Structure formats: C-alpha cells, structure tokens
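Beneath this line is the structure, given in structure tokens, with notes to follow.
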Amino acid sequence: QVQLVESGGGLVQAGGSLRLSCAASGRISRFTNMDWHRQAPDKAREFVARITADGTTAYTNSVKGRFTISVDNAKNTVYLQMNSLKPEDSAVYYCRAVVNGRAFWGQGTQVTVSS
C-alpha cells in the first residue's frame with residue numbers, strides 16, 4: 001500500500017506561482033512513474049504532468065512552459081512548480097503513483113486562481 005499526501009494548494013492571483021508537494025510513504029525510486037492530475041468542477045479529471053523513474057517528464061499542452069514536475073528521492077516527494085497561473089488552472093490537484101502495475105491516489109489539494 002502506498003500513501004500519498006499532497007500539500008501546497010491555495011488561493012493565488014493570476015500570474016502568480018504555487019508549488020505543490022506530494023509526499024509518498026515509500027521510496028519513490030521504486031515507482032514506475034508519478035503524475036499530477038487535476039479536476040475542475042463539473043469536468044473530468046485530466047492529466048497534467050508526469051515524471052518517470054528515469055527522470056523523463058511529460059506535460060499536457062496547456063501547462064508546457066509554465067509547470068515543472070520534479071522529484072526529491074531523499075524526501076520521497078514529488079513537486080509541481082506552477083508559474084504564470086491562469087484562472088483556468090483552478091482545480092483540485094491530485095498526485096498519483098504507479099508501482100508494480102497499481103495506481104495509488106492522494107486526497108487532492110485545492111488550487112484557486114483569481115482573475
């Protein structure tokens with residue numbers, strides 16, 4: 001069983017920045033990949049960013065150049081640095097870990113960007 005705890009969400013003005021953290025209960029280095037997803041009200045959950053075990057990253061087009069995913073293996077924590085935030089980035093952000101073919105989710109952290 002893997003436990004994930006997100007933090008770092010909050011209210012920010014458009015153009016501002018936030019850094020989300022996802023602390024994992026085990027060694028991140030054994031995970032196949034870790035992702036960030038988000039879900040806005042009345043919308044489906046969508047993929048935002050991924051980092052694989054070998055450090056390869058991927059982003060959805062709408063956040064490329066603004067968001068950066070990174071990992072601190074010593075702290076078993078994955079980060080999502082979000083810059084130049086827009087109101088349409090407002091959502092609950094979820095961390096997901098894939099290990100041994102199984103996916104585990106965190107409880108989510110709210111990000112609200114005011115215009």
J(HN,Hα) series, segment 105-110, from Karplus relation 6.51 cos²θ - 1.76 cosθ + 1.60, nearest Hz, glycine and proline x: 10, x, 8, x, 9, 7
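Would you mind getting the accessible area per residue of the chain, heavy atoms of the protein chains only, 1.4 Å probe, in Å²?
Working: 5970 Å² over 115 residues.
For the chain, the per-residue accessible area is 52 Å².
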For LYS75, list the aspartates and glutamates whose Cα falls under 19 Å from its own Cα; do not include residues on the same chain fewer than 8 positions away. GLU6, ASP35, ASP54
Could you identify which residue out of ALA74, ALA40, ALA103 has the top mean-square fluctuation in a GNM of the chain using Cα springs shorter than 10 Å? ALA74
Springs between alpha-carbon atoms under 10 Å, Gaussian network over the chain: tell me which of GLN39, GLN81, GLN13 tops the mean-square fluctuations. GLN13
Return the single residue from SER21, SER90, SER62 with maximal mean-square fluctuation; model: Gaussian network over the chain, springs between Cα atoms under 10 Å. SER62
For LYS86, give me every one of the aspartates and glutamates with a C-alpha distance below 20 angstrom, ignoring sequence neighbours fewer than eight places off in its own chain. ASP42, GLU46
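With the full set of protein chains in place, find how many percent of the accessible area of the chain is carbon and sulfur; take the probe as 1.4 Å. List each step's numbers first, then the result.
Values: 2710 of 5970 Å².
So the carbon and sulfur contribution to the accessible surface is 45 percent.
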Quick calc, LYS43 & ARG66: beta-carbon distance into FRET formula, R0 25 Å, rounding 0.05, result 0.85
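The values are calculated or read from the model by the stated rules, or taken from the named source; none is laboratory data. Treat the numbers as computed from the prediction; the structure is a model and nothing was measured. Cβ atoms come from the backbone with ideal geometry, glycine included; neighbour counts cover every protein chain shown. We work out accessible area using only protein heavy atoms, side chains counted, and drop any ligands, DNA or RNA first. Shrake-Rupley method; radii C 1.70, N 1.55, O 1.52, S 1.80 Å.
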